[in-house]
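Taking it in order: structure first as structure tokens, then the write-up.
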Amino acid sequence: MRGTILMWSGDKGVVSADGQRYDFGMNEWQGNTAPAANLTVEVVVSNGRLSSVTPVNEADLAKEKMAALTGQGTRIAKAVFENVGRDVAIAYGVFLVAALFLNVVSAGGLIGLDFKLTNLLSDNMGMMGTGQGTFLVLLATATIAVPHFWKHKFAPLALLGPLLVTLMAFWPLYQQQQAKKQVAAMSEFGQMMGQVAEQMGGGGMGMDALGFGAWIIIAAGAYLAFKGVVRFLGRS
């Protein structure tokens, strides 16, 4: 069984294993180096008496800790998915994949550009990297675990996270589209200038340029928001 050396002084020490403490000396020590406090060891007890103390290889110990963490993570993930339900878990998965990999907006012009949700959520449309957008998408996806860890009547509202992040990304595009309509409605001159701008820039980038990925993300976010609100009202 596994144990931990509590103390070693001179040629005697104390090891703790399975809630018990045992005295040991060099006769019981099976290592090539001297014992040390806090060292993880394998302890063999026969008829209530300690017979050997063997140090555990650091590589083996690291593998065991990794396996334990992986197992714990798997159990937590399973509990989270069971808590929210299969349909909600699938919707979160769809949102995450679409937000990270599917194009949501196309910008025309001399150089055609496609943008993902992570681009829209980053500064300068992600031209200098999409780290900020990726973080926000992952943060929104992590809200799946809130109802499992936070047992409160407001916890289901965490499912609104993906939709809120989606609205955050598309709101500037909506504002841009409204501004274009206002300019076009000012006068015939404004309409003419708007047409010229569209011909030169290929229509620019607005809500009318949303791609297939955008509708998938919006649908997944709306479904999750609906489920969150329904569950919240069910608890109220």
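The values are calculated or read from the model by the stated rules, or taken from the named source; none is laboratory data. Note that the coordinates shown come from a computational prediction; the quantities given were computed from them, not determined experimentally. Every residue, glycine as well, gets a Cβ built from its backbone with ideal geometry; the counts of neighbours run over all protein chains shown.
Assorted remarks:
- So Leu159, is it at pLDDT 70 or above and closer than 16 Å to Ala98 by Cα: no
To keep it simple, each residue is scored yes or no on (1) out of contact with any Lys or Arg (no Cβ under 6 Å at 6 or more places or on another chain); (2) over 30 Å from Leu210 (Cα atoms); (3) in a loop (DSSP other than H, G, I, E, B).
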| position | (1), (2), (3) |
| --- | --- |
| Asn38 | yes, yes, yes |
| Val43 | yes, yes, no |
| Ser52 | yes, yes, no |
| Ala59 | yes, yes, no |
| Thr74 | yes, yes, no |
| Ile90 | yes, no, no |
| Val94 | yes, no, no |
| Ala99 | yes, no, no |
| Asp114 | yes, no, no |
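- Some residue of segment 12-25 being β-branched (Val, Ile, Thr), surrounded by 12 or more Cβ atoms within 10 Å (Cβ to Cβ), at pLDDT 90 or above and in contact with a helix residue (DSSP H, G or I) (Cβ under 7 Å, 6 or more places away or on another chain): no
- Residues located in segment 35-46, provided they are surrounded by 12 or more Cβ atoms within 10 Å (Cβ to Cβ) and of a type in the set (Gly, Ala, Ser): Ala36, Ala37
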